[in-house]
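Asker: Below: one structure in structure tokens.
The values are calculated or read from the model by the stated rules, or taken from the named source; none is laboratory data. The structure presented is a predicted model; accordingly, all values stated were derived computationally and were not measured. Every residue, glycine as well, gets a Cβ built from its backbone with ideal geometry; the counts of neighbours run over all protein chains shown.
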Amino acid sequence: MSQGAQIAATCASCHHPTDGGQAIPPIATLDEQAIVKAMLAFRASESPSHVMHAVALSLSDDELAATARYLADRANAGRQP
Ligand code: HEC
């Protein structure tokens, strides 16, 4: 299992990969840059989410990049051409 896959598994305890309509947005529908950008914003500030602030602080830049790449790759693989 890659590092990105391992970390993404911890995200899945809150985020269903593609299912919307809950209080917690799906993340596997975002592209790599969008995930990184959102995580850096969460890391920089507790607003809007204390939970995601804590999650983002717990990851290094490398871990964050690996996780975003894994999630985006998986989303692309699931998309029909
Ligand atoms: C304890 C629950 C929990 C965990 C674990 C968690 N998240 Fe979240 N996440 C949330 C909640 C709640 C929100 C909504 C925050 C808000 O905007 O109010 C959110 C929002 C997000 C968003 C923004 C989505 C959007 O469309 O705006 C991203 C990206 C995200 N999380 C990525 C991750 C990643 C990557 C991980 C794993 C490293 C992770 N989350 C782990 C609860 C969690």
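Asker: Restricting attention to the stretch 61-81, which residues are at pLDDT 85 or above and within 9 Å of Asp31 (Cα to Cα)?
Answerer: Restricting attention to the stretch 61-81, the residues satisfying the condition of being at pLDDT 85 or above are 61-73.
If the condition is that a residue be at pLDDT 85 or above and within 9 Å of Asp31 (Cα to Cα), then Ala68, Arg69, Leu71, Ala72, Asp73 are the ones that fit.
Asker: Going residue by residue through the stretch 11-26, is there one that turns out to be under 18 Å from Tyr70 (Cβ atoms), at pLDDT 80 or above, more than 10 Å from the ligand (Cβ to nearest atom) and loosely packed, with under 12 Cβ neighbours inside 10 Å?
Answerer: Within the stretch 11-26 (the criterion being under 18 Å from Tyr70 (Cβ atoms), at pLDDT 80 or above, more than 10 Å from the ligand (Cβ to nearest atom) and loosely packed, with under 12 Cβ neighbours inside 10 Å), the answer is no, since none of the residues qualifies.
Asker: While we're looking at this one, here's another question. Got a number for residues in the stretch 39-58 being of a type in the set (A, V, I, L, M, F, W, C), surrounded by fewer than 17 Cβ atoms within 10 Å (Cβ to Cβ) and near the ligand (Cβ under 6 Å from one of its atoms)?
Answerer: Kept after step one, since they are of a type in the set (A, V, I, L, M, F, W, C), are these residues of the stretch 39-58: 39-42, 44, 51-52, 54-57.
If we keep only those that are surrounded by fewer than 17 Cβ atoms within 10 Å (Cβ to Cβ) too, we end up with 40-41, 44, 51, 54, 57.
From the residues that got through so far, the ones that are near the ligand (Cβ under 6 Å from one of its atoms) too are 51.
Count: 1.
Asker: So, one more: Leu30 - would you say it is modelled with pLDDT of 95 or more, near the ligand (Cβ under 9 Å from one of its atoms) and in a loop (DSSP other than H, G, I, E, B)? Outline the logic, then answer.
Answerer: Numbers: modelled with pLDDT of 95 or more: no; near the ligand (Cβ under 9 Å from one of its atoms): yes; in a loop (DSSP other than H, G, I, E, B): yes.
Considered against the rule, which asks whether it is modelled with pLDDT of 95 or more, near the ligand (Cβ under 9 Å from one of its atoms) and in a loop (DSSP other than H, G, I, E, B), Leu30 comes out as no.
Asker: Could you give every pair whose Cβ atoms fall below 6 Å, whose first residue belongs to the stretch 47-60 and is more than 15 Å from Ala8 (Cβ to Cβ), and whose second residue is hydrophobic (A, V, I, L, M, F, W, C) and within 8 Å of the ligand (Cβ to nearest atom), counting only separations of at least 6 or pairs across chains?
Answerer: Final answer for the pair search is His53/Phe42.
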